[in-house]
Amino acid sequence: GAVVSQHPSRVICKSGTSVKIECRSLDFQATTMFWYRQFPKQSLMLMATSNEGSKATYEQGVEKDKFLINHASLTLSTLTVTSAHPEDSSFYICSARAPGGGHGYTFGSGTRLTVV
Amino acid sequence: GEDVEQSLFLSVREGDSSVINCTYTDSSSTYLYWYKQEPGAGLQLLTYIFSNMDMKQDQRLTVLLNKKDKHLSLRIADTQTGDSAIYFCAERGGDKIIFGKGTRLHILP
């Protein structure tokens, strides 16, 4: 089946630095990918929709300059957390719509970001 | 706006059935999903139901949909320790998937 690979699985960074998270569709092309953020004991909150070859669509309240999304190819989307602060610490998950559309959304295994 | 509600915790004895309930608000939802998340991991799609269906059964999993009441349930028969996880109800409107807060299923020996 469709597989989405997300890296890194865990990252610890210092305040003020930037962190890049990659989301790859391994055996299919994904024109659209989604980035979610999950707070402890909370639901997944959709941050943005990443569109290959065009600008990402951000949800209300998400700072586009803070969370940079690049979807330069049909198999790779990246989320860069710029000038990270401790409040950015969270679990970030990407998702892609599998080939054929319909119900097929595949999720990455997530990235645990800790900003110290 | 769109909203998905589910209870946060459920404890069930091993071997019993687990029933996790969910309510949603978007009557135009096309698909409704149940996802499973184990600690520190991503989401695994367990099952889904199309909005024009009332019931779907897949091995130990049974999904019931009451579209009039906007109520979705997931029944896990013969609950095992490996079923211990957080279960997310989600609805899809267009391309977006809206998730509930998740129900943590705890299995009692």
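The numbers here are math on the coordinates, done by the rules we state, and not lab data. Just so it is clear, the model here is predicted, and its values are computed rather than measured. No Cβ is skipped: glycine too gets one built from the backbone with ideal geometry, and neighbour counts run over all protein chains shown.
Here are some notes:
- Projected area averaged over orientations for chain A, convex hull of C-alpha atoms, nm²: 6.9
- Candidates B:GLY93, B:GLY15, B:GLY82, ranked by Gaussian network fluctuation over chain B, Cα under 10 Å, top entry: B:GLY82
- Comparing A:ALA56, A:ALA96, A:ALA72 in a Gaussian network model of chain A where C-alpha atoms under 10 Å apart are linked, the largest mean-square fluctuation is found at A:ALA72.
- Counting Cβ atoms of other protein chains within 10 Å of each residue's Cβ and taking the mean over peptide B:41-47 gives 6.
- Selection among A:LEU74, B:GLY15, B:ALA85 by position relative to the dipole of the protein assembly as shown gives A:LEU74 as farthest towards the positive end (Cβ unit charges, Cα centre).
- C-alpha center-to-center spacing [the range B:6-31, the range A:21-72] in angstrom: 27
- Near A:SER77: Cβ cut-off under 15 Å, other residues only, Lys/Arg at +1 and Asp/Glu at -1. The net charge is +3.
- The range B:36-104 shape via C-alpha gyration tensor axes, a/c threshold 1.5: oblate
- Within chain A, percent of DSSP bridges classed antiparallel, to nearest 5: 90
- Zone residues, the range B:39-66, relative to B:SER84, backbone N less than 20 Å from point 7 Å out along Cα-to-Cβ: B:39-44
- Whole-Hz couplings from phi, Karplus 6.51/-1.76/1.60, listed for the range A:76-93; x for Gly and Pro: 9, 10, 10, 10, 10, 8, 8, 6, 5, 10, x, 6, 7, 4, 5, 9, 10, 10
- Within chain A, the cysteines lacking any other cysteine Cβ closer than 4.7 Å to their own Cβ are A:CYS13.
- Under the convention that each Lys and Arg Cβ holds +1 and each Asp and Glu Cβ holds -1, the size of the dipole of the range A:23-97 around its Cα centre is about 100 debye.
- The HN-Hα couplings worked out from phi for the range B:39-53 by the Karplus form 6.51 cos²θ - 1.76 cosθ + 1.60 (θ = phi - 60°) are x, x, 10, x, 9, 10, 5, 8, 6, 8, 9, 7, 5, 9, 9 Hz, whole numbers, x standing for Gly and Pro.
- Note on A:VAL81, A:VAL115, A:VAL11: ascending count of other Cβ atoms within 10 Å places them as A:VAL11, A:VAL115, A:VAL81, the fewest first.
- Chain B: most fluctuating residue of B:ASP83, B:ASP58, B:ASP26 per GNM, C-alpha cutoff 10 Å: B:ASP58
- Cα-based shape type of the protein assembly as shown, given that a ≥ b ≥ c are square roots of the gyration tensor eigenvalues and the cut on a/c is 1.5: prolate
- J(HN,Hα) series, the range A:57-71, from Karplus relation 6.51 cos²θ - 1.76 cosθ + 1.60, nearest Hz, glycine and proline x: 9, 9, 6, 4, x, 9, 7, 5, 7, 8, 10, 7, 10, 10, 10
- For the protein assembly as shown, DSSP calls about 90 percent of its internal beta bridges antiparallel.
- Counting lysine pairs in chain B that sit 8 or more residues apart in sequence, or on different chains, and whose Cα atoms lie under 20 Å apart gives 9.
- The charge dipole of the range B:69-108, taken about its Cα centre with unit charges on the Cβ atoms of Lys, Arg (+1), Asp and Glu (-1) only, comes to about 160 debye.
- Cα-based reach from A:LYS66 at 18 Å (exclusive), listing lysines while leaving out same-chain residues under 8 positions away: A:LYS14, A:LYS20, A:LYS55
- Placing +1 on the Cβ of every Lys and Arg and -1 on the Cβ of every Asp and Glu, with nothing else charged, gives the protein assembly as shown a dipole about its Cα centre of roughly 260 debye.
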